[in-house]
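For reference, the structure discussed in these notes is given below.
The values are calculated or read from the model by the stated rules, or taken from the named source; none is laboratory data. As the structure is a prediction and not an experimental result, all values here were calculated from the model. Here the Cβ positions follow ideal geometry from the backbone for every residue, glycine too, while neighbour counts run over all protein chains shown.
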Ligand SMILES: Cc1cc2nc3c(=O)[nH]c(=O)nc-3n(C[C@H](O)[C@H](O)[C@H](O)COP(=O)(O)OP(=O)(O)OC[C@H]3O[C@@H](n4cnc5c(N)ncnc54)[C@H](O)[C@@H]3O)c2cc1C
């Protein structure tokens, strides 16, 4: 991995903002999560896995040396069960749900920027984030016309409209030139029980 330190005096070559300097990681990039998900799914199938979507597990019952996994689409008999439900575990496993909490992450997309503004704000069209505990993450849309911006507006879950307002204020601290650019989309990370 190639990393360059960017001093405050040079930082506008990387990000058009008055930050405190930073680092550029040459190999840093964005991942198309839907394509990644599809590739993982196909690989798992090629390795012999059988996948069932939209089958939320409601209960796991041990019977002797085996498990009955009760889903909304029926029951599965299994020798082993691996629970990998992250912070969305809910009542399925009180042990896990007490230990791993969901922290919602929100995103906004802006209307297309006026010509030339992206060249000033993000001249290298890079993925950019800061290093605070509650960090932000931002990138241009793939066609380079819109700014996408994500962060965690609050520890608790809030509605998309409230989140969008808080994210917009955060983004304007970084880039005051975006104050009057309108938000066209706002969304949050999808939770299991939102499906
Ligand atoms: C906005 C954002 C940006 C991120 N960026 C990065 C990054 O740049 N790099 C990085 O390394 N990580 C990043 N992460 C973190 C990374 O996405 C997570 O750490 C990772 O996805 C966790 O994987 P997992 O398989 O443990 O859980 P998840 O991917 O959350 O999968 C849990 C699955 O369990 C399912 N589930 C829950 N309950 C049930 C149930 N009862 N029955 C059936 N299914 C159930 C859910 O639907 C879900 O599909 C990011 C996360 C977010 C939200």
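With the requirement that a residue be part of a loop (DSSP other than H, G, I, E, B) and either in contact with a strand residue (DSSP E or B) (Cβ under 8 Å, 6 or more places away or on another chain) or loosely packed, with under 13 Cβ neighbours inside 10 Å (or both), what does segment 106-129 give you? Matches in segment 106-129: 111, 113, 114, 115, 116, 122, 124, 125, 126, 127.
Every condition in (1) touching a helix residue (DSSP H, G or I) at 6+ places or on another chain (Cβ under 6 Å); (2) in contact (Cβ under 8 Å) with a residue 12 or more places away in the chain; (3) away from the ligand (no atom under 12 Å from the Cβ) is met by residue 146 except one, and the failing one is (1). The numbered conditions (1) modelled with pLDDT of 90 or more; (2) over 29 Å from residue 41 (Cβ atoms) are all true for residue 84 except (2).
Against the conditions (1) touching a strand residue (DSSP E or B) at 6+ places or on another chain (Cβ under 8 Å); (2) loosely packed, with under 14 Cβ neighbours inside 10 Å; (3) more than 28 Å from residue 8 (Cβ to Cβ), residue 103 satisfies every one except (1). In segment 149-163, which residue that is assigned to a loop (DSSP other than H, G, I, E, B) and closer than 15 Å to residue 108 by Cβ is farthest from the ligand (Cβ to nearest atom)? Among residues in segment 149-163 that are assigned to a loop (DSSP other than H, G, I, E, B) and closer than 15 Å to residue 108 by Cβ, the one farthest from the ligand (Cβ to nearest atom) is 159. Is it true that some residue in segment 44-56 is surrounded by 11 or more Cβ atoms within 10 Å (Cβ to Cβ) and touching a residue at least 12 places away in the same chain (Cβ under 8 Å)? Yes, because at least one residue in segment 44-56 is surrounded by 11 or more Cβ atoms within 10 Å (Cβ to Cβ) and touching a residue at least 12 places away in the same chain (Cβ under 8 Å). Taken over segment 172-195, residues that are modelled with pLDDT of 95 or more and assigned to a helix (DSSP H, G or I) amount to 4.
If you go through segment 76-96 and keep only what is in a loop (DSSP other than H, G, I, E, B) and more than 10 Å from the ligand (Cβ to nearest atom), you end up with 79, 80, 81, 82.
When segment 134-171 is limited to residues that are surrounded by fewer than 15 Cβ atoms within 10 Å (Cβ to Cβ) and closer than 21 Å to residue 20 by Cβ, the one that is farthest from the chain's Cα centre (by Cα) turns out to be 169. Out of 121, 101, 113, one residue alone is more than 10 Å from the ligand (Cβ to nearest atom), at pLDDT below 95 and closer than 29 Å to residue 151 by Cβ. It is 101.
Restricting to segment 58-92, what's the tally of residues that are loosely packed, with under 10 Cβ neighbours inside 10 Å and within 24 Å of residue 103 (Cα to Cα)? The qualifying residues number 3.
Summed over segment 1-60, residues that are under 30 Å from residue 123 (Cα atoms) and in a loop (DSSP other than H, G, I, E, B) total 18.
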